[in-house]
Amino acid sequence: MYSLKIITSFIFFNLLFTFCYSQGFIDFSLKDLNDNKVVLSEQLNNGPVILIFMATWCNPPCTNLLQNFNNNELLNKKAIKIFPIIYQKEKKDKILKYIQNNNFNYDFLIDGLDTCIDIYDKYYERITDNTGGDIPLIFLINKEKQILFEILGDIFYEGTGDNAKRLKAGKEKLFLIIENLLDSN
């Protein structure tokens, strides 16, 4: 009887979680640094995606986050595509230098048919009533176009206090979700 309650609770939680987080998926079309069009919904056909809204001047938080993702064994399986999105207008040569200096192998996205700042604002509104401007902003979206995870901040931050605890809990939650996604594939 106890097992049935656990299973029923698990199913209910997953249905509720799926309903809540399937709301608010926002498709977009941006360009990568090679001027190729990247459409989020098309990328999701290939598997889950992590979006990271950021800026090259956001150092150390954005750089630290990308370096930790870059060095993460779980993410190096390449089953989840990571797209850093430069949410403000920055010169292409500055972005390329930033990528080269940090040895990043991500497809950075910049303005395309849609603008990064508009996309950022729409996603940012999902998690706060404040006006935008805070980065890094992270979203994990599955193939079914459900937002499974969202957080504002560098989840690898090693500080103290309530914000550090929130970020650490967020990191643990994100990687638990990623493990479950990879196990289900």
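Can E172 be described as part of a strand (DSSP E or B), over 17 Å from S41 (Cα atoms) and not aliphatic (A, V, I, L, M)? Against the criterion (part of a strand (DSSP E or B), over 17 Å from S41 (Cα atoms) and not aliphatic (A, V, I, L, M)), E172 does not qualify.
In the stretch 56-79, the residues that are within 14 Å of F175 (Cα to Cα) and touching a residue at least 12 places away in the same chain (Cβ under 8 Å) reach residues that are part of a loop (DSSP other than H, G, I, E, B) and aliphatic (A, V, I, L, M) with C-beta atoms within less than 9 angstrom, at least six apart or across chains, in these pairs: L65/I155; N68/I155; L74/I80. Restricting attention to the stretch 148-185, the residues being at positive phi and in contact (Cβ under 8 Å) with a residue 40 or more places away in the chain number 1. Please tell me if I155 is of a type in the set (A, V, I, L, M, F, W, C), touching a Lys or Arg at 6+ places or on another chain (Cβ under 9 Å), crowded, with 19+ Cβ neighbours inside 10 Å and not in a strand (DSSP E or B). The answer is yes for I155. Residues in the stretch 25-35 include none that are surrounded by fewer than 17 Cβ atoms within 10 Å (Cβ to Cβ), polar (S, T, N, Q), assigned to a helix (DSSP H, G or I) and at pLDDT below 95. All conditions in (1) more than 11 Å from the chain's Cα centre (by Cα); (2) closer than 19 Å to Q43 by Cβ hold for I117, with the sole exception of (2). The residue that is surrounded by the fewest Cβ atoms within 10 Å (Cβ to Cβ), among those in the stretch 83-129 that are among the charged types (D, E, K, R) and in a helix (DSSP H, G or I), is D93.
The values are calculated or read from the model by the stated rules, or taken from the named source; none is laboratory data. It should be emphasised that the depicted structure is a prediction, and the values quoted were computed from it without experimental measurement. FYI the Cβ positions are ideal-geometry reconstructions off the backbone, even for glycines, and counts take in every protein chain you see.
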